[in-house]
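Peer 1: The structure follows.
None of the figures in this text is laboratory data; all of them are computed from the coordinates on show. Just so it is clear, the model here is predicted, and its values are computed rather than measured. Counting neighbours? That spans all protein chains shown, and the Cβs are built from the backbone with ideal geometry, glycine included.
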Amino acid sequence: MNLITPELGLLFWQTVTFLCLLLLLGRFAWKPIMSSLREREETIENALKSAELARREMAKLRSDNERLLDEARAERDAMMRKAQQTADTIVEEAKNKAAAESNRIVESARAAILAERQAAVDDIRRQIAVLSVDVAEKVLRRQLKDEPQQRQLVDQLIKDIHLS
Amino acid sequence: MDAGHSSKIKNLLFFLLLALIPLKSFADENPTAEYQEGEFKAGDMILHHVGDSHEWHFATIGHTHLTLPLPVILYSPERGLDVFSSSRFHNETQTYGDYRLDEHDHIVSLSGAKFYDFSITRNVASLFLSALLLIIIFFSVAGAYKKNNGRAPRGLQSFFEPIILFVRDDIAKPNIGSKYQRYMPYLLTVFFFIWFNNLLGLMPGGANLTGNIAVTLVLALITLLIVLFSSNKYYWQHIFATPGVPVWLLPIMIPVELIGIITKPFSLMVRLFANITAGHIIILSLFSLIFIAKSIAVGPVIVAFALFMNILELLVAILQAYVFTMLSALYIGSAVEEHEHHGDLGIEHDSVHPDHH
């Protein structure tokens with residue numbers, strides 16, 4: 001039957017045309033298209049890969065930063081604690097020292113005052129003694145200007161001595 | 001073909017014009033017969049359409065036939081090459097020199113001399129047209145890849161890119177495996193060739209190229225040759241010493257497997273030819289019903305049916321391109337497949353590769 005009998009002419013032209021088409025399209029269309037597609041896919045894949053890499057790097061950096069920050073914070077806390085302690089000790093020491101010093105000053109002042117007072121008292125005593133002697137001398141001089149009086153005094157004195 | 005028969009067909013052509021169905025007709029012939037009631041032969045009309053012709057008839061408007069005469073190229077060992085226009089046959093006897101155009105549109109030699117017909121028939125012209133179209137389109141697409149390098153695809157390029165990727169990722173890669181790249185040019189060419197020609201065949205006045213057995217024969221033969229030339233030892237081992245088959249069965253198995261080599265491309269050939277031709281025959285039969293019933297009332301119903309069939313054929317056009325390409329890839333895949341773990345049963349299961357994404 002006509003329909004299922006392949007005709008020579010069409011067989012020939014189909015073979016020639018299809019092979020030419022295959023050659024031309026293969027060389028000038030499919031080759032550049034396929035390589036462009038492959039290239040683009042590779043580019044996209046690489047871009048995705050590097051993005052992933054960057055993301056990971058970022059995460060690593062962030063965790064590093066956090067770690068560093070934590071360390072710094074801890075260090076700062078430790079330093080502050082230590083400084084506080086030192087300051088406390090210094091203040092305590094100073095306080096103690098000041099107290100001791102003031103005590104010593106007060107003590108020595110007191111001693112000085114006592115000594116001065118003693119000296120003053122001694123001086124006064126001495127002056128009184130001298131004055132008394134002077135007064136007594138003056139009184140005596142006046143009283144003993146006459147003889148009876150002298151005698152009376154001597155008697156008196158002798159009496160006193162006995163009594164004492 | 002006698003004059004009475006011709007006039008009947010001519011009469012029909014006037015009606016067929018409404019549906020833009022191309023049909024063989026003969027110009028300058030008894031115009032008075034134009035409006036006579038004629039007997040409609042649906043079978044002849046359909047076979048004329050799905051078959052080949054030495055001229056390309058587009059439409060008939062009134063008495064004017066829009067026909068493109070095509071070159072006739074004949075080669076005979078005695079007379080050498082003969083090239084002339086097919087319009088030379090347009091006379092009472094349908095003869096030119098020693099050659100006559102018979103009622104089946106075949107050229108016969110009156111003297112019985114042996115000759116070969118390499119004419120540019122409607123199918124050949126359509127073949128050239130489709131080849132030109134494919135070249136123009138895909139060269140421009142390839143150019144677009146150069147121009148838009150590093151940028152998103154645009155225009156034609158963005159229309160064809162998903163289809164090209166589909167052929168690569170869903171046809172070639174899963175069926176052929178890692179060696180798919182060598183076969184991409186063939187698979188892409190055959191896919192687009194079949195698809196474009198299927199669509200061109202659906203156009204009003206289009207030729208039934210992919211529904212021609214010679215065309216599908218050549219395509220199937222190329223697939224067969226590619227399979228045979230890329231086959232490795234495992235392919236032949238599978239044919240001559242099928243693993244898991246007892247030795248006493250081999251005398252039966254070897255012929256079966258050898259026949260299998262031929263039946264695979266044969267099925268490719270028949271499937272494409274039959275599907276496309278059947279589609280054309282169905283649509284033409286539907287339109288013929290209008291003229292058989294001779295009633296305007298059936299028209300709308302038939303047009304609705306034909307429209308539905310045409311849309312279905314649009315689907316079939318790409319489906320058959322896919323099936324042909326997919327099966328070609330499958331056969332190539334079975335020929336290039338490496339068996340790392342052969343020896344026991346389960347070779348058959350390996351013949352369909354898992355996806356290599």
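Peer 1: Using the Cα centre of the protein assembly as shown as the reference point, and only Cβ charges (+1 on K/R, -1 on D/E), how large is the resulting charge dipole? Debye, rounded to the nearest 20.
Peer 2: Working: 48 positive and 56 negative charges, 449 e Å.
With Lys and Arg at +1 and Asp and Glu at -1, about 2160 debye.
Peer 1: Hey, another quick one. Residue farthest toward the positive end of the dipole of the range B:124-350, with Cβ of Lys/Arg at +1 and Asp/Glu at -1: which of B:Ser178, B:Phe159, B:Pro255?
Peer 2: Going by the charge dipole, the pick is B:Phe159.
Peer 1: Between A:Ala115 and A:Val135, what's the calculated FRET efficiency when r is the beta-carbon distance and R0 is 41 Å? Round to 0.05. Before the final figure, lay out each step's value.
Peer 2: Numbers: r = 29 Å, r/R0 = 0.72.
For A:Ala115 and A:Val135, the calculated efficiency is 0.90.
Peer 1: By counting other Cβ atoms within 10 Å of each Cβ, how are A:Thr5, B:Thr189, B:Thr216 ranked from fewest to most? Present the calculation step by step, with values, prior to reporting the outcome.
Peer 2: Numbers: A:Thr5 9, B:Thr189 25, B:Thr216 28.
Fewest-to-most ranking of A:Thr5, B:Thr189, B:Thr216: A:Thr5, B:Thr189, B:Thr216.
Peer 1: A follow-up question, please. A:Asn46 versus A:Lys82, label points 7 Å from Cα toward the beta carbon: distance in nm?
Peer 2: Each label point lies 7 Å from its Cα, and together they span 5.2 nm.
Peer 1: State the Cα centre-to-centre distance between the range B:133-167 and the range B:242-294 in whole Å.
Peer 2: 34
Peer 1: Dipole size in debye (nearest 20) for the range A:34-122 around its Cα centre, Lys and Arg Cβ +1, Asp and Glu Cβ -1?
Peer 2: 100
Peer 1: Quickly work out the A:Ala54-to-A:Leu19 label distance, labels modelled 7 Å from Cα along the C-beta direction, and quote it in nm with one decimal.
Peer 2: 5.3
Peer 1: Taking Cα centroids, how far is the range B:85-120 from the range A:1-66 in Å?
Peer 2: 48
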